[in-house]
Amino acid sequence: MSGAALPTSRDWPHQDEWLSEVGAGLAWRPGLPDPLAFMRFEYSVPIGADAREAKFTAVFQRALNLLPAR
């Protein structure tokens, strides 16, 4: 393996295909039911004159801890 990048036929999207948005997020670590778990809330609003709508996302995550406890 040389580690060199292989050429592909893929290219960046055209300028009119880019979709922009602005948003904000909040990560909250309640400590229950697990100290490694947290809630994440995100809100995004599209920028531009298209038919997309604003989106709200709520996610519950738990950290993947693979190290043994000492």
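Of note:
- Count of region 12-48 residues which are under 16 Å from the mean Cα position of the chain (by Cα) and not aromatic (F, W, Y): 15
- Residue in region 8-15 that is in contact with a Pro (Cβ under 7 Å, 6 or more places away or on another chain) and not basic (K, R) present: no
- Restricted to strands (runs of 3 or more DSSP E) entirely inside the chain, those with at least 2 residues that are open to solvent by less than 100 Å² (accessible area, probe 1.4 Å), out of contact with any Cys (no Cβ under 9 Å at 6 or more places or on another chain) and among the polar types (S, T, N, Q) are 55-62.
The values are calculated or read from the model by the stated rules, or taken from the named source; none is laboratory data. The model shown is predicted, which means the values in this text are computed figures rather than measured ones. Quick reminder, even Gly has a Cβ in these numbers, built from the backbone with ideal geometry, and neighbours come from all protein chains shown. Just the protein is used for accessible areas: all its heavy atoms, side chains included, with ligands, DNA and RNA removed. Shrake-Rupley method; radii C 1.70, N 1.55, O 1.52, S 1.80 Å.
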